[in-house]
Amino acid sequence: MNTATQTKSTTLQLLNLKSLPIRTFWITAISFFLCFFAWFGIVPFMPDVVKDLGLTPDQKWNSIILAVSGTVFARLLIGKLCDKYGPRLCYTWLLMLGAIPVILCGLVQTPTQFLVCRLFIGFIGASFVITQVHTSLMFAPNIVGTANATSAGWGNLGGGANRLGMPIIAAAVIGFGVAEGEAWRYSMVIAGIVCFTMGIIYYFFTQDTPQGNFKDLKASGEMVSTKKDQVGFSAVIKDYRTWILFVVYASCFGIELTVYGTMDDYLQNTFQLERVTAGNIVLSFALMNIFARTLGGFFGDKFGKLKGLRGRVLFLAAILAVQGVMLMTFSTTTSIVVGICFLILFSLSVQMAEGATFSVVPFINKKAIGSVSGIVGAGGNVGAFLAAMLLKSQSAVAEKAAIVANKGLGEDVISAAQSAASATAVSSGYFIIGTIVVITAVVSLAIRFSAEDEKIAKADSSVKSEDLIPIKVKS
């Protein structure tokens, strides 16, 4: 589909709920938040789950990897489905079907059942792609980077808010007489029911484009489906820029997922912090999504206005390089104060890089925004998977060596040696990952746009709100 710029909003006035694009922005951001809330909802309860189901260390790690892996395939598929059926129906079905494994996770009785549920729960991580497609269809080029980044950033908050929200839900059900050891189960069931309900809301209170839903536009002849759709998807697959952005998103969002997923233990092992303190530090960085990702999209739009599409790429490369350097530096610090300073800078830059990535995505192929978004979004989870495997392998080898070296010296000595070995291994892993991110930043400079693309983007960016004229278009 090729929706004319004149039908989209050129501003992001968040309180103007009479505006269809703004209403859609809020509903899609809230849906994204709930999906991430449910996706990572089990994380605060993992000690209870390990105890209740008798998970081994390998099964615990595998549950994390499976949850990320399932999202890869879902994001690849959902992007193409958005181009064909529209984001409204795709989000409705994703929320309603995705709620099923979330609810079932609260009913599992064996480790195998738990792992299967974690795999399928990961599918709701595809919500990110639909959110980016829907905001891309609703907002004009001059503001699309900011809109995409803000909706994504606020949705990402769900992955951190569950550290507070899920324990609150658990405390509430305990107050109704549920045993403390069973509270995690009820919490997951409740999270699933909320997602299912949001699917119903999404169906009745949004539409695909400012002009209407895909189905109605096709029926009225305002949108004509042809083989060009398939050609567009084929072009996306063959476009090298799509795959560079795939790697870029793997190097920002993928790394953020892995770093935050391992940071609690790292802070405890390296700086001897209490678990609650470490968890609160990680949560505070996750909450930076309120503004950090928006900044990435905002500056992407600003650089786009100053230097065209090339400017968006230059800013993306620069902020990605900063992210890599911050992670490398953090990995070498031995002071908790210095470490937190660089962790703040890493958190800020990685989230800005994510926003900057999707200030570029809508311009790769306007006839297949969903397909591009799906492939790039999947890159984030591939990056998380590979980074997690790297850290897991390094940590496992180091811990086993520490156990052998301290055999017979007592449980406390072995435990301390394991913690020290794990911290050293993860530190080394962070440094390697940071180096790869810097290399990726250099590679991202290879993204180029034609003179015609630059001309169209410049013309679109100059459109003002008072120039908006709804028109009928065909694809």
**Q.** Unmet requirement for Gly165, which otherwise passes all of (1) in a helix (DSSP H, G or I); (2) modelled with pLDDT under 90; (3) under 30 Å from Thr7 (Cα atoms); (4) more than 17 Å from the chain's Cα centre (by Cα)
**A.** (3)
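Restricting to the stretch 175-200, count the residues that are surrounded by 15 or more Cβ atoms within 10 Å (Cβ to Cβ) and either among the small types (Gly, Ala, Ser) or more than 22 Å from the chain's Cα centre (by Cα) (or both).
Here is the first cut: in the stretch 175-200, the residues surrounded by 15 or more Cβ atoms within 10 Å (Cβ to Cβ) are 178, 182-192, 194-196, 198-199.
With either among the small types (Gly, Ala, Ser) or more than 22 Å from the chain's Cα centre (by Cα) (or both) added as a condition, the list becomes 178, 182-187, 189-192, 199.
Summing the residues that are surrounded by 15 or more Cβ atoms within 10 Å (Cβ to Cβ) and either among the small types (Gly, Ala, Ser) or more than 22 Å from the chain's Cα centre (by Cα) (or both) in the stretch 175-200 gives 12.
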(Q) List pairs: first residue in the stretch 98-124 and not assigned by TED's automatic domain parsing to the domain that holds Leu34, second residue hydrophobic (A, V, I, L, M, F, W, C) and surrounded by fewer than 18 Cβ atoms within 10 Å (Cβ to Cβ) anywhere in the structure, Cβ distance under 9 angstrom, at least six positions apart or on different chains. (A) none
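For (1) touching a Phe, Trp or Tyr at 6+ places or on another chain (Cβ under 8 Å); (2) in contact (Cβ under 8 Å) with a residue 40 or more places away in the chain, each residue gets a yes or a no:
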{"residue": "Gly165", "(1), (2)": "yes, yes"}
{"residue": "Ala170", "(1), (2)": "yes, yes"}
{"residue": "Gly181", "(1), (2)": "no, yes"}
{"residue": "Trp184", "(1), (2)": "yes, yes"}
{"residue": "Ser187", "(1), (2)": "yes, yes"}
{"residue": "Ile190", "(1), (2)": "no, no"}
{"residue": "Thr197", "(1), (2)": "no, no"}
{"residue": "Tyr203", "(1), (2)": "no, yes"}
{"residue": "Pro210", "(1), (2)": "no, yes"}
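Considering only residues that are among the aliphatic types (A, V, I, L, M) and surrounded by fewer than 24 Cβ atoms within 10 Å (Cβ to Cβ), look in the stretch 369-388 and name the one that is farthest from Tyr249 (Cα to Cα). Steps first, answer last, please.
Narrowing the stretch 369-388 to residues among the aliphatic types (A, V, I, L, M): 369, 372, 375-376, 378, 382, 384, 386-388.
Right, trim to surrounded by fewer than 24 Cβ atoms within 10 Å (Cβ to Cβ) and you get 382, 386, 388.
Values: Val382: 9, Leu386: 13, Ala388: 15 Å.
If we take residues in the stretch 369-388 being among the aliphatic types (A, V, I, L, M) and surrounded by fewer than 24 Cβ atoms within 10 Å (Cβ to Cβ), then Ala388 is farthest from Tyr249 (Cα to Cα).
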(Q) Please determine whether any residue of the stretch 154-162 is more than 29 Å from Asn213 (Cα to Cα), without any contact (Cβ under 8 Å) to a residue 24 or more places away in the chain and assigned to a helix (DSSP H, G or I). (A) no
Q) Restricting attention to the stretch 141-156, does a residue exist that is within 27 Å of Ile190 (Cα to Cα), out of contact with any Ser or Thr (no Cβ under 7 Å at 6 or more places or on another chain), of a type in the set (A, V, I, L, M, F, W, C) and not assigned by TED's automatic domain parsing to the domain that holds Ile369? A) yes
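Every residue, every condition in (1) in contact with a Phe, Trp or Tyr (Cβ under 9 Å, 6 or more places away or on another chain); (2) more than 16 Å from Leu257 (Cα to Cα), yes or no:
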| residue | (1), (2) |
| --- | --- |
| Leu309 | yes, yes |
| Val313 | yes, yes |
| Leu320 | no, no |
| Met328 | yes, yes |
| Gly339 | yes, yes |
| Ser349 | no, no |
| Glu354 | yes, no |
| Ser359 | yes, yes |
Q: For Asp52, work out the one condition from (1) under 22 Å from Ser127 (Cβ atoms); (2) in the same structural domain as Asn162 (by TED's automatic domain parsing) it doesn't fulfil.
A: (1)
Q: For the stretch 354-388, name all the residues that are over 19 Å from Gly300 (Cβ atoms) and not in a helix (DSSP H, G or I).
A: Lys367, Ala368
Q) Residue check: is Ser19 of a type in the set (Gly, Ala, Ser), assigned by TED's automatic domain parsing to the domain that holds Ser151 and surrounded by fewer than 22 Cβ atoms within 10 Å (Cβ to Cβ)? A) yes
Q: Might you let me know whether the stretch 282-297 holds any residue that is modelled with pLDDT of 95 or more, in contact with a Leu (Cβ under 6 Å, 6 or more places away or on another chain) and closer than 15 Å to Ala356 by Cα?
A: no
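It is to be established whether one or more residues within the stretch 126-137 are touching a strand residue (DSSP E or B) at 6+ places or on another chain (Cβ under 8 Å) and assigned by TED's automatic domain parsing to the domain that holds Cys195. Give the derivation first.
Step one: of the stretch 126-137, the residues touching a strand residue (DSSP E or B) at 6+ places or on another chain (Cβ under 8 Å) are 137.
Cutting the leftovers down to assigned by TED's automatic domain parsing to the domain that holds Cys195 gives us 137.
Yes; the residues of the stretch 126-137 include at least one that is touching a strand residue (DSSP E or B) at 6+ places or on another chain (Cβ under 8 Å) and assigned by TED's automatic domain parsing to the domain that holds Cys195.
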Q. What number of residues in the stretch 251-282 are surrounded by fewer than 18 Cβ atoms within 10 Å (Cβ to Cβ) and closer than 15 Å to Gly153 by Cα?
A. 0
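Every residue, every condition in (1) surrounded by fewer than 23 Cβ atoms within 10 Å (Cβ to Cβ); (2) in contact with a strand residue (DSSP E or B) (Cβ under 7 Å, 6 or more places away or on another chain); (3) outside the structural domain of Met138 (by TED's automatic domain parsing); (4) touching a residue at least 24 places away in the same chain (Cβ under 8 Å), yes or no:
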site: Phe330; (1), (2), (3), (4): no, no, yes, yes
site: Ile336; (1), (2), (3), (4): yes, no, yes, yes
site: Cys341; (1), (2), (3), (4): yes, no, yes, no
site: Ile344; (1), (2), (3), (4): yes, no, yes, yes
site: Ser349; (1), (2), (3), (4): no, no, yes, yes
site: Ala356; (1), (2), (3), (4): no, no, yes, yes
site: Ile364; (1), (2), (3), (4): no, no, yes, yes
site: Lys367; (1), (2), (3), (4): yes, no, yes, yes
Q. In the stretch 369-400, which residues are at pLDDT 85 or above and of a type in the set (Gly, Ala, Ser)?
A. Gly370, Ser371, Ser373, Gly374, Gly377, Ala378, Gly379, Gly380, Gly383, Ala384, Ala387
Q: Would you mind stating whether Pro21 is assigned to a helix (DSSP H, G or I) and within 20 Å of the chain's Cα centre (by Cα)?
A: no
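The values are calculated or read from the model by the stated rules, or taken from the named source; none is laboratory data. Note that the coordinates shown come from a computational prediction; the quantities given were computed from them, not determined experimentally. Here Cβ is always computed from backbone atoms with ideal geometry, including for glycine, and neighbour counts include all displayed protein chains.
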